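One structure below.
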Amino acid sequence: MNIGVLGAGQLGRMLALAGYPLANRFTFLDTTGHPSAGIGDVTVYTDQHHLDDFLAKVDLVTYEFEHLPVALVQAIEEVRPVYPSSEAIRVCQNRAEEKALFDRLGIPTPAYRLVEHADELEAAARELGCPVVAKSVTEGYDGKGQAVLRDPADAADAWRAIGHPRLIVEAFVDFVREVSIIAVRGRDGEVVFYPMAENQHVDGILRYSLAPMPDLDDSVQQTADGYIRALLDELDYVGVLTLELFQCADGSLLANEMAPRVHNSGHWTMDGAVTSQFENHLRAIQGLPLGDTAARMPTCMVNVIGQEGDPAAILAIGDAHLHRYDKSERPGRKLGHVNLVASTHEALMERVRACAALLPEAPEPRFSFE
Ligand SMILES: Nc1ncnc2c1ncn2[C@@H]1O[C@H](COP(=O)(O)OP(=O)(O)OP(=O)(O)O)[C@@H](O)[C@H]1O
Ligand SMILES: [Mg+2]
């Protein structure tokens, strides 16, 4: 089966790496002009001919990037099966749609308001109580298009800095930790769930993901499973879906956002789970049985950002698995990740610290269980 992937970055690259053993071939459609997958057959999309070419080669279409024109995905859907559907893209690329869906399904979120003017932003900040986070409704990633307001008087500056016609303003959550749940839904409606991961972000960029969490209550995992199942069923979803959540001091969860694709907080599954998120996404979209999502051992994913460090030194750490994306160094750019595996969480944290010490821009790892 030739799988068409919309987007041609590292997520597409890792999908392809997982798909070759299943005898899949990959054709990427890049809409940015900067494909980095470095694998498969890449078409840079600038006009209809490129799209026709791409569609002629592929049996079905998936994506690694949700900030795509919905009309483009709908047009593709007329010609080839698209999993997950354009409806999932439409909802997940817009924070207002996403929050409305969470509300409709009874999934708790931080209190929020939608605003279309600096004065409305100021009023929302006053109503919700500062600090608040203002985010552009569309196009955000890695914390871009966001500002934290410490005072309603910051509204005019924040409005200008974000420079977007429509913002969502959220109460700032005093969370104990950030977590995510990844689940996979097959074409027949079967759903499997990965153990939740604890995620450490710095300046809006994910730095570490660890799973399974040694101190996670079963009931919390079940609550998250319930939330994501409701989303999967509502969207009649096929493939991997990720839900980012905040966990509060009383154990409760608030939904932050979702991503209709394989996710950075699931990269640990490549070396730490029986079946990786990438393989399971490919199984799902092809109507194949879903693989076991259990963790084999405590695993931590360390993002390699900005500078590569010394790959040989990283590989000298026990049970370290380096995944490089074949990209050039640039501040803040995701260049790769390291998966570290160990038989106990204590031994794992030793490896994580050893790895962080080898990465010039890695912040100090901090997990709530320590
Ligand atoms: N309401 C909030 N309260 C506290 N922290 C927040 C809130 N919203 C966002 N953050 C912080 O900012 C980070 C990035 O926010 P969010 O996930 O909304 O943005 P993004 O740019 O879409 O990120 P991603 O890279 O996951 O796509 C969060 O992981 C969290 O650390
Ligand atoms: Mg996020």
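Readers should treat all values here as calculations from the given coordinates under stated rules, not as data from a laboratory. Owing to the predicted nature of the structure, the values given are computational and were not obtained by experimental measurement. Positions of Cβ are backbone-derived with ideal geometry, glycine not excepted, and every protein chain shown enters the neighbour counts.
Determine the sum of side-chain charges near MET258: Lys and Arg each +1, Asp and Glu each -1, restricted to other residues whose C-beta is under 9 angstrom from that of MET258. Computed value for this residue: -3. 3J(HN,Hα) couplings calculated from phi for the range 125-142 with the Karplus curve 6.51 cos²θ - 1.76 cosθ + 1.60 (θ = phi - 60°) are, in sequence order, 4, 5, 5, 6, x, 6, x, 10, 10, 9, 9, 4, 5, 10, 6, x, 7, 6 Hz; Gly and Pro show x. Computed from label points 7 Å out along Cα-Cβ, the spacing between ARG25 and ASP103 is 4.8 nm. For the chain, the relative contact order is 13 percent, taking Cα pairs closer than 8 Å that sit 6 or more residues apart in sequence and dividing their mean separation by the residue count.
Give me the number: length gained by fully extending THR32 to ARG330, i.e. 0.36 nm times residue separation minus the C-alpha to C-alpha distance, one decimal in nm.
105.5 nm
Tell me whether the chain comes out rounded, prolate or oblate; compute the Cα gyration tensor, take square roots of the eigenvalues as a ≥ b ≥ c, and use a/c under 1.5 as the rounded threshold. In terms of gyration-tensor shape, rounded.
Each Lys and Arg adds +1 at its Cβ and each Asp and Glu adds -1 at its Cβ; summed about the Cα centre, the chain shows a dipole of about 600 debye. Note on the range 2-82: Cα Rg divided by 2.2 N^0.38 Å, N the number of residues, gives 0.98. GLY318 sits among other residues whose Cβ lies under 10 Å from its own Cβ, and their net charge, with Lys and Arg +1 and Asp and Glu -1, is -1. Spin-label model, GLU77/ARG296: points 7 Å from Cα along the beta carbon direction are separated by 3.8 nm.
Full extension of the segment from HIS67 to ASP188, taken as 0.36 nm per residue of separation minus the current Cα-Cα distance, would add 40.9 nm. The modelled label-to-label distance between SER252 and VAL176, using points 7 Å beyond Cα along the C-beta direction, is 1.4 nm.
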